[in-house]
Amino acid sequence: MPLSFMSWETRYENARNALVVSSAVCRANRDLFREFFEFEEYKLKRQNNLSSLDEACYKTLYGYIIRFRNVNTWFENKAWKDLSKEDIKRVYDDLEDGKILNAHGKPFGDRAGYYNKIFKSKPFRLAGKSELAKDVIEFSTGAGDKEVRYAGEDMFLRMVSVVSNPVHLLLFWLAWDIGENIGALLQLTKREFVRQRNKHTKEAEYLVNLPKNKLKRSRRTRSEPTLYPETARYADMVLEDLSPDDNVFGFGHRQALKIMHSVVARSGAVTMPNSEPVRWKDLRSGMACHLLSKGWTREEVDARLGHTPQSKALNAYINYLAIDRDKPKKRLFDSSLEEIQDELEEAKRREKLSAERVRRQGEENALLRAELTATGKDVQQLKKIVSDAMASRT
């Protein structure tokens, strides 16, 4: 059976059993891996209040198998209990300097994951080397490990322009609108969609409930209202004939990948900043970047993404988009605008005072003219009296 059709439980159990008996792994490391998996399986059950492991737990465990294989190769199958400080430093330096490459021929992006989950954690503690690893890796902060990769709004709109199936359109709009990962979206049933009217716009929208059992461990359960009328419109079309417990999308992850690949091929959609083919997760990060650029706060976007309050997942995107660095410029612009407004108000005040002075001067001139006119009439009357008196004497 192809790997993509297997459950995480089957993948993990097959890979674990192969790892702990592999002749390519020395006996000491096989025993260490076996001990770790027994510990981690028990820990995940107790940590998540489970009577038996679920798919999310098996996915986590499978990730350790991939890391164990890689680390064992980097140390050239040397028993981890025999590693020296020089051995650990050599691998650490090669990872940081980009000399150790992944399957795609690129430096490992998730170096912090290896440091925190293997070198400085339980696997190396079992080998008695975790403190030694912490000494070697003390200068590593993990900063810069987060890849900036997202689909812009223009690319998303280009993608949906080549899609005609309403079910596929709903999936794309949900991925962009709600921003949850594709695995969780594919598990949603009609019951998790509640149609309502937005109290501000009065337009139709859906409240999408995201229950804990369908999310990644690190995500918070939440309910999010849809933001775009397209999401509500396609939801109306798709949900109409479904029963409450029916899955909204009648296909799984493999089919969703095929749909994405087809849409990318037809639309030519690529990510920012490195022009790579768009993946489902790039719509989630694209939604976050779009909301940040529209003025949403980091806290608001984190809440919509289901991040914990202390999450630093958005840091790389905020730095790339220069969101925080744009604020001082805005304050400078606002300050300049306030100065211009103050100057304009002062000019208006001066203009008003000048107009008032002109008005008053006009009134004074009119009064003076009136007084002069009155004085002129008195002089004429006096001249007439004198003239009449002289005439009477003669």
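The values are calculated or read from the model by the stated rules, or taken from the named source; none is laboratory data. Every value quoted in this text rests on a predicted model; they were computed, and no experiment measured them. Cβ sites come from the backbone with ideal geometry, for glycine too, and all protein chains shown count toward neighbours. Surface accessibility is based on the protein's heavy atoms, side chains included, excluding ligands, DNA and RNA. Shrake-Rupley method; radii C 1.70, N 1.55, O 1.52, S 1.80 Å.
Can you name the number of the only condition in (1) surrounded by 15 or more Cβ atoms within 10 Å (Cβ to Cβ); (2) out of contact with any Ser or Thr (no Cβ under 8 Å at 6 or more places or on another chain) that Glu96 fails?
(2)
Would you confirm whether or not region 321-340 contains a residue that is at pLDDT 80 or above, surrounded by 10 or more Cβ atoms within 10 Å (Cβ to Cβ) and acidic (Asp, Glu)?
No, every residue in region 321-340 fails to be at pLDDT 80 or above, surrounded by 10 or more Cβ atoms within 10 Å (Cβ to Cβ) and acidic (Asp, Glu).
Do we find a residue being of a type in the set (A, V, I, L, M) and out of contact with any Asp or Glu (no Cβ under 7 Å at 6 or more places or on another chain) anywhere in region 219-233?
Checked against the condition, which is being of a type in the set (A, V, I, L, M) and out of contact with any Asp or Glu (no Cβ under 7 Å at 6 or more places or on another chain), region 219-233 yields no hits at all.
If a residue has to be open to solvent by 20 Å² or more (accessible area, probe 1.4 Å) and small (Gly, Ala, Ser) to count, how many in region 146-171 make the cut?
Residues meeting the conditions: 2.
Just to check your reading of the model, which residue among Gly105, Gly109, Gly98 is small (Gly, Ala, Ser), in contact with a Pro (Cβ under 7 Å, 6 or more places away or on another chain) and not in a helix (DSSP H, G or I)?
On inspection, the qualifying residue turns out to be Gly98.
What do you reckon, is Glu131 more than 20 Å from Glu276 (Cβ to Cβ) and exposed (fewer than 15 other Cβ atoms within 10 Å of the Cβ)?
Here the answer is yes, as Glu131 does meet what is asked.
Restricting attention to region 37-58, which residues are surrounded by 13 or more Cβ atoms within 10 Å (Cβ to Cβ) and farther than 22 Å from Phe119 by Cβ?
Lys45, Asn48, Leu53, Asp54, Glu55, Ala56, Cys57, Tyr58
Out of all the residues in region 278-325, which are assigned to a loop (DSSP other than H, G, I, E, B) and hydroxyl-bearing (Ser, Thr, Tyr)?
Within region 278-325, Thr297, Thr308, Ser311 qualify.
Please name all residue pairs, on different chains or six or more residues apart, with Cβ atoms under 9 Å, provided the first residue is in region 171-199 and is aromatic (Phe, Trp, Tyr) and the second residue is open to solvent by 10 Å² or more (accessible area, probe 1.4 Å) and in a strand (DSSP E or B).
From region 171-199, the pairs are Phe193/Tyr206; Phe193/Leu207; Phe193/Asn209.
Among the residues of region 74-87, are any modelled with pLDDT of 95 or more, assigned to a helix (DSSP H, G or I) and over 17 Å from Glu131 (Cα atoms)?
The answer is yes; a qualifying residue exists.
For region 194-236, which residues satisfy the criterion of being open to solvent by 50 Å² or more (accessible area, probe 1.4 Å) and among the basic types (Lys, Arg)?
Matches in region 194-236: Arg195, Arg197, Lys199, Lys202, Lys212, Lys216, Arg217, Arg220, Arg233.
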